[in-house]
1. What number of residues within the range 87-117 satisfy the criterion of being in a loop (DSSP other than H, G, I, E, B) and free of Cβ contacts under 8 Å to residues at least 12 places away in the same chain?
2. Filter the range 144-153 for residues that are crowded, with 17+ Cβ neighbours inside 10 Å and not aromatic (Phe, Trp, Tyr); which is nearest to Arg87 (Cα to Cα)?
3. Of everything in the range 68-86, what is within 15 Å of Arg209 (Cα to Cα), open to solvent by 40 Å² or more (accessible area, probe 1.4 Å) and part of a helix (DSSP H, G or I)? Give them in sequence order.
4. If you go through the range 34-48 one residue at a time, do you hit one that is of a type in the set (Lys, Arg) and modelled with pLDDT of 85 or more?
5. With the checklist (1) open to solvent by 50 Å² or more (accessible area, probe 1.4 Å); (2) closer than 18 Å to Leu230 by Cα in hand, flag the one item Leu43 doesn't pass.
6. Just to be sure before I move on: is Leu120 without any contact (Cβ under 8 Å) to a residue 60 or more places away in the chain, more than 22 Å from Ala203 (Cα to Cα) and open to solvent by less than 40 Å² (accessible area, probe 1.4 Å) in the structure I sent?
7. Suppose we filter the range 154-178 for residues that are farther than 28 Å from Pro139 by Cα and open to solvent by 50 Å² or more (accessible area, probe 1.4 Å); how many remain?
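The values are calculated or read from the model by the stated rules, or taken from the named source; none is laboratory data. Please read these numbers as outputs of a predicted model, since none were measured by experiment. In this analysis, Cβ positions are derived from the backbone assuming ideal geometry, glycine residues included, and neighbour counts consider all displayed protein chains. All accessible areas refer to the heavy atoms of the entire protein, side chains included, with ligands and DNA or RNA removed. Shrake-Rupley method; radii C 1.70, N 1.55, O 1.52, S 1.80 Å.
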Amino acid sequence: MLKNNKKANDALIMLCYVCALGAFGAFFRWLQMQVARDSETGLINPSILNFLLPAVIIAAAVVLWLRTKKLTDGETVFPTGMSEALRGLSLVYIIFAWVIAAIAVIGGIMTIVSTALDSLHTMYVIIAVLAMLSGLSFPLICSASRSHYSPSLVSVFMTIPILMYCVWLIASYRANANNPNVWMFAIEIIAICCAILALFYVAGYAFGRPSPQKACFLSLFGAFMCITTLSDSRYMGLELIILATAGMLLMYGWLIVKNRCAKEDLPARPEPVKAPEPEPEPEDEDTVIEAAPDDASPEPTIEAPTRKPKAEPKTDEVEEIIKEYNK
């Protein structure tokens, strides 16, 4: 029980870090937009706030990364399985999941209504629909370990918010393509990219490619960036969607930290099954002609038969024949 309480306290401390740093980031962003912004031209004038805000973001990234590494001090590690990492059994956990879902759905509806006259209305409608689907699927993701949903179904649910922020990134680029003031949209672009990375690494649990330490850090840092960018001026519906995303990432980070376990408690990874080696095919037995040695004997040749010379007739016999012929 003591170990479980310590894990819960560590998760709560990490959430306090994120919320405190996010409050500082949102405050400095609001102060920059109020003090450093020229009311006539809308441009950001040179100010110390232009250095303080990036410093706060960098400091938040360093602090959260060091705190995340400290959580795995050699005795405990982050869970690698989806059911172990996203396991929440308390009733409060389910209530918060449905509250976040309601905020996302309300934000999607308000976005559709408020952007009716916007030139990017179609893209905002796509963002709103994906935001409502993301909100409705979030409680299902949270109860996946309890309801034993298949990883393929959960992976579909986790892909929806990634697609939403990809569309949002394109919409933000198109909306600010002619804006020379980079500070007006830079924080929003960074927050969207961090949200995409955080949701991507958390989805690695469902896809069977977990990276626990990166998923934990990016979830907390993505929530910090979403809180920081809430100080920007945008449609109220989009503000609610970002707020819901910050709640989702905080929930993911809290669960990953709380569900840490000892190294020996990690499920053993199954060894890859080796494919059977193909049996060698039987070779056809061919007659092999051996090479002749170097000092080979000469090949036999067929000689023509020799003719024996006829015996010459004796001289006496020849003379007798001549005599008879003369008679």
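1. So the count comes out to 3.
2. Restricting to residues being crowded, with 17+ Cβ neighbours inside 10 Å and not aromatic (Phe, Trp, Tyr), the top hit is Ser145.
3. Matches in the range 68-86: Ser83, Glu84.
4. Within the range 34-48 (the criterion being of a type in the set (Lys, Arg) and modelled with pLDDT of 85 or more), the answer is no, since none of the residues qualifies.
5. Among (1) open to solvent by 50 Å² or more (accessible area, probe 1.4 Å); (2) closer than 18 Å to Leu230 by Cα, the lone unmet condition for Leu43 is (2).
6. yes
7. Residues flagged as farther than 28 Å from Pro139 by Cα and open to solvent by 50 Å² or more (accessible area, probe 1.4 Å) within the range 154-178 amount to 5.
Quick grid of which residues meet (1) at pLDDT below 85; (2) more than 23 Å from Trp98 (Cα to Cα); (3) within 15 Å of the chain's Cα centre (by Cα); (4) open to solvent by 10 Å² or more (accessible area, probe 1.4 Å):
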{"position": "Arg209", "(1), (2), (3), (4)": "no, yes, yes, yes"}
{"position": "Pro212", "(1), (2), (3), (4)": "no, yes, yes, yes"}
{"position": "Ser219", "(1), (2), (3), (4)": "no, no, yes, no"}
{"position": "Gly247", "(1), (2), (3), (4)": "no, no, no, yes"}
{"position": "Cys261", "(1), (2), (3), (4)": "yes, yes, no, yes"}
{"position": "Glu264", "(1), (2), (3), (4)": "yes, yes, no, yes"}
{"position": "Pro278", "(1), (2), (3), (4)": "yes, yes, no, yes"}
{"position": "Asp284", "(1), (2), (3), (4)": "yes, yes, no, yes"}
